[in-house]
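Since every read-out is calculated from the coordinates, none of them should be taken as a lab result. Values in this document were obtained by computation on a predicted structure and should not be read as measured data. For neighbour counting, all protein chains shown are included, and Cβ atoms are generated from backbone atoms with ideal geometry for every residue, glycine included.
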Ligand SMILES: [Fe+2]
Ligand SMILES: [Fe+2]
């Protein structure tokens, strides 16, 4: 993988992919005439992933700090984590198979950008699997351990916390860079001309 593609170390899009972003900086997005319904819906989905991701992280911290009991924690947490993982996987599949090819057709110069985003999706897919696996183990241990968690249960909780922290950190970077590549293109051309 090219160094500046690396989701863990890059600080944003590579410079050669930022020409349109310089023309349409974030301050201009909201209320722009070309920010149509598809773009607004899509940005809303991204915000949902950010909000739910941080709510899941907060819930875990509160439980681990002893502020929320096991039962209410599990009842709140398990269905929302499942929803988050399923929706995120589906979101990336729609982008890979439907939206990215349409955007690339609209602007061939951005092909490298979509390679970068697709490679992010592959990395994040592995993170999703790791989060699901560690979550199952963590929640099963919690259920068995009840009031006094064993050291094995604590390790399972640590493993889940590490996997989910890595997923969220990478996802936040990915969402921002994806928006920085795609929204300026939409503002430049308009949704109807692009075909979305
Ligand atoms: Fe994506
Ligand atoms: Fe996305």
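Here are a few things to note about the model shown:
- Rh by Kirkwood over Cα pairs, then Stokes-Einstein D for region 74-181 at 0.692 mPa s and 37 °C, µm²/s: 212 µm²/s
- Computed [θ] at 222 nm, deg cm²/dmol, the chain (DSSP H ≥ 4; -39,500 (n - 2.57); rounded to nearest 500): -25000 deg cm²/dmol
- With the simple model of a label 7 Å out from the Cα in the direction of the Cβ, residue 10 to residue 86 spans 3.1 nm.
- Distance from the C-alpha centroid of region 129-196 to that of region 5-67: 13 Å, rounded to the whole angstrom.
- Summary of packing: across the peptides 49-58, 172-181, 27-36, the per-residue average of other C-beta atoms within 10 Å ranks them, highest first, as 172-181, 49-58, 27-36.
- Among 194, 186, a tally of other beta-carbon atoms within 10 Å of each Cβ gives an order, fewest to most, of 194, 186.
- Over region 14-194, relative contact order from alpha-carbon pairs under 8 Å, at least 6 apart, %: 43 percent
- Of 142, 22, the sequence from fewest to most neighbouring Cβ atoms within 10 angstrom is 22, 142.
- Burial ordering of 9, 134, fewest other beta-carbon atoms within 10 Å first: 9, 134
- Both numbers refer to the Cα atoms of region 76-130; Rg and Dmax are 13.5, 45 Å.
- Distance distribution note for region 14-194: the fraction of Cα pairs above 26 angstrom is 39%.
- D by Stokes-Einstein for region 1-71, Kirkwood Rh over Cα pairs, 20 °C, 1.002 mPa s: 135 µm²/s.
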